[in-house]
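*Asks:* Before we start, here is the structure in question, set down as structure tokens.
The values are calculated or read from the model by the stated rules, or taken from the named source; none is laboratory data. All of these numbers come straight from a predicted model, not from anything done at the bench. Neighbour counts run over all protein chains shown; Cβ positions are idealised from the backbone, glycine included.
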Amino acid sequence: MDPDGIPVAIGIPRVPRDLLGHGPALEMALEETVAEDRDGESTKRAAPKPPAPTPDIPLNYSIVRIFYATDRAKGTDGSYTGSRGSDEQLSFGTCDVTIPRDRRMGVLESPRWWKFEFRKNPNKYITLQKVNELPASDFFSMLHDCVTADSNRSVLVFIHGFWVSFEDATRRTAQLSYDLGFKGAPVLYSWPSAGRPTGYLTDE
């Protein structure tokens, strides 16, 4: 709870120690080494004592991976536009979205231009980091693995409303999954609009 009594979602994601250069390296350092003395005879001596393991480093945000399907055309930035795909086929993939560690539940934090905030800082805001388009076979295989890894074998499917960009739809899907503590597979079906009032007829 914050001072106003509003629930706050707080997680403590960490970088595993093995990713910091320890793990197998520590085991090798513990092995004995062979050295030759002045008479040419081999003697065994213990390797120098390895440094104490570095504790896991806490991050200021979590990364939530969601699945997506969309019938929209792909943009130059790797995301998807408000135009319908020319082949009328669905595109599939995953998105990695960052969630700040300390934040208010249910709020989709974004930079505010009136505060001169233009950078997508993952420590402060929910941000779309990466879009990974996948072949349908790989998509459904990964989705199957994610669902079966959950004891409840559950899926959360989110279909957004009008005047929502693909990026905002991915952010909302990840935010819902994170705030609900959902353990299954979060899936977004996205049909992003032109994202402007003058594009209403096109969207319709």
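*Asks:* Tell me, which strands (runs of 3 or more DSSP E) wholly within segment 66-135 include 2 or more residues that are touching a Phe, Trp or Tyr at 6+ places or on another chain (Cβ under 9 Å), modelled with pLDDT under 85 and surrounded by 14 or more Cβ atoms within 10 Å (Cβ to Cβ)?
*Replies:* So the answer is 80-84.
*Asks:* Consider segment 165-197. How many of its residues are surrounded by fewer than 17 Cβ atoms within 10 Å (Cβ to Cβ) and within 17 Å of GLY106 (Cα to Cα)?
*Replies:* Residues flagged as surrounded by fewer than 17 Cβ atoms within 10 Å (Cβ to Cβ) and within 17 Å of GLY106 (Cα to Cα) within segment 165-197 amount to 4.
*Asks:* Looking only at segment 146-170, count every residue that is closer than 28 Å to GLY85 by Cα and at pLDDT 90 or above and tell me the total.
*Replies:* 12
*Asks:* So which residues in segment 144-164 are buried (at least 18 other Cβ atoms within 10 Å of the Cβ) and in a strand (DSSP E or B), if there are any at all?
*Replies:* The answer is PHE158, and nothing else.
*Asks:* Anything in segment 79-100 that is closer than 20 Å to SER137 by Cα and within 19 Å of the chain's Cα centre (by Cα)? List them, or say none.
*Replies:* Correct list: PHE92, GLY93, THR94, CYS95, ASP96.
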